[in-house]
Structures are given as C-alpha cells and as structure tokens.
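The values are calculated or read from the model by the stated rules, or taken from the named source; none is laboratory data. Remember, predicted model here, so these are calculated numbers, not experimental data. When we count neighbours, we look across all protein chains shown, and the Cβ atoms used for this are built from the backbone with ideal geometry, even at glycine. Heavy atoms of the whole protein, side chains included, go into the accessibility calculation; ligands, DNA and RNA do not. Shrake-Rupley method; radii C 1.70, N 1.55, O 1.52, S 1.80 Å.
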Amino acid sequence: MFDANCLKLMFVAGSQDFYHIKGGKNDRINALLDALELALESKITAFQFRQKGDLALQDPIEIKQLALKCQKLCQKYGTPFIVNDEVKLALELKADGVHVGQEDMAIEEVMALCKKRLFIGLSVNTLEQALKARHLDAIAYFGVGPIFPTQSKKDKQVVGVELLKKIKDSGVKKPLVAIGGITTHNASKLREYGGIAVISAIAQAKDKALAVGKLLKNA
C-alpha cells in the first residue's frame, strides 16, 4: 500500500555514492549499509536503492545481494524499500515500490509487469511529461528534478523550483517528490510542493543523524 507520507524524506543511494570512502568496492558497500542504518534510525521515510554511475556494481548477483541487505534493513525499521529502474529486480525482491525514469522501460510496460503488486514512481523533467502521465492510476507519485545543480545528474538540465510550481498550478493531483542538489540549506524552499529525495546530503554528511534531522525539519 502506498502512503504519500513516505515521500517526506527519501534517501536515494547505491554503493557508488560512497566514492569518498578510502578502499575498494566492499568498503563502499559497507559504507552504504552503515549510512542506511543510521538514516533509518534517524527516521528517513523511504529508501530508494539506485546502482548507477562509474563505480556502481555491474554484476547482477552482487547487485541483488546488496539490494536484499538494504531491503532487510528497511524492513527492520518498517520503512518502504524502493528499487530504481530495475523493475524485474523489484518484483523478484517483492520491493514496496519501483522508480523509473523517462529513458527507462516504457511506463505502460512497467505498469503491466507490476500489476499493482508494488507502487510506481515516475521521473518527470517537464510539465508536458507530468500532464501526459497525470491520469495513469498505477503511478503513485512523480519525482521532479533536478531542482538544483547536482553531481549525480550532470547530463540533466536543472528545472528549478519553477517546475514544481508549474506542475502544482496545472492541477496535477499526484504527490510530488523533488530531487537534485537538495541540501539542509535549501530543502525548506520545497516544503510547499511535497517531499524531497536526497543522495549526497546524507551520503556525504559527516554527521548523518544530524543531516537527517535537519532535512526532516525543513521538509
């Protein structure tokens, strides 16, 4: 069951987001698991597992093993576990949700595969994309971004807070979660539009519990 309250503060991460950790692949994996548990203890409202980028795991078996460990941690804290892009993995793991982008599998195919077994989040980067998908009941929420410049989506054009406002003003009723370059300092600018999703604001924070607390306060 989807509850829009889970969008208040979504932590999005994979092992590649711990590139600042000294050592190799296993050190990054352990850093992700440690950070996730700290973030869960500090009351993030959802976790999205995302393996993308130069340092991301490539072996499907390793990806599944890590996803399972993350899912178990989420279950321990009763927090929704969402898989980014990998629809088949999300179904295999019986994840709570799956999040897909405009360049991933066609949304109609995603809906047919999921058959209401897990909720679906869809990334939208323009008002047109939001309007086109607004009537699709199977989509639980829209991810909107990148709102601010971000390292994780260097190839994407920044859409700004303006796009969130346009989508709201157009009468779209689906819950929105903003992503891209969100920090403890700018999160409060997004409060009126819906939830927030962050990667580095938690992954790169020296004091992760403090960062989550500040983000929750501002979200």
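Some values worked out for this structure:
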item: Sequence-separation-based contact order of the chain, relative, with Cα cut under 8 Å and 6+ spacing, percent; result: 22 percent
item: Hull volume in cubic angstrom per residue (convex hull over the Cα atoms of the chain); result: 110 Å³
item: The range 1-127: relative contact order in percent, alpha carbon pairs under 8 Å with at least 6 residues between; result: 22 percent
item: Probe 1.4 Å, accessible area per residue of the chain, Å²; result: 50 Å²
item: Dimensionless Rg over Rh [the range 114-214; C-alpha; Kirkwood]; result: 0.99
item: Positive-pole candidate from Asn218, Ala197, His20, dipole of the chain, charges at beta carbon; result: Asn218
item: Of Val12, Val158, Val144, the one that fluctuates the most in a GNM where the chain has Cα springs shorter than 10 Å; result: Val158
item: Taking all pairs of distinct alpha-carbon atoms in the range 59-137, Kirkwood radius in angstrom; result: 13.4 Å
item: Stokes-Einstein D in µm²/s, Kirkwood radius over Cα pairs - the range 1-125 at 4 °C with 1.567 mPa s viscosity; result: 88 µm²/s
item: For the range 101-127 versus the range 150-219, the gap between their alpha-carbon centres in whole angstrom; result: 20 Å
item: Contact order normalised by residue count of the range 94-219, Cα under 8 Å, 6+ apart, percent; result: 18 percent
item: Value of [θ]222 nm, deg cm²/dmol, for the chain, DSSP H segments ≥ 4, -39500 (n - 2.57) each, nearest 500; result: -11000 deg cm²/dmol
item: Under the span-like rule (Cα at least 20 Å along the axis, Kyte-Doolittle mean at least -1.0), DSSP H helices of the chain; result: 25-41, 60-77
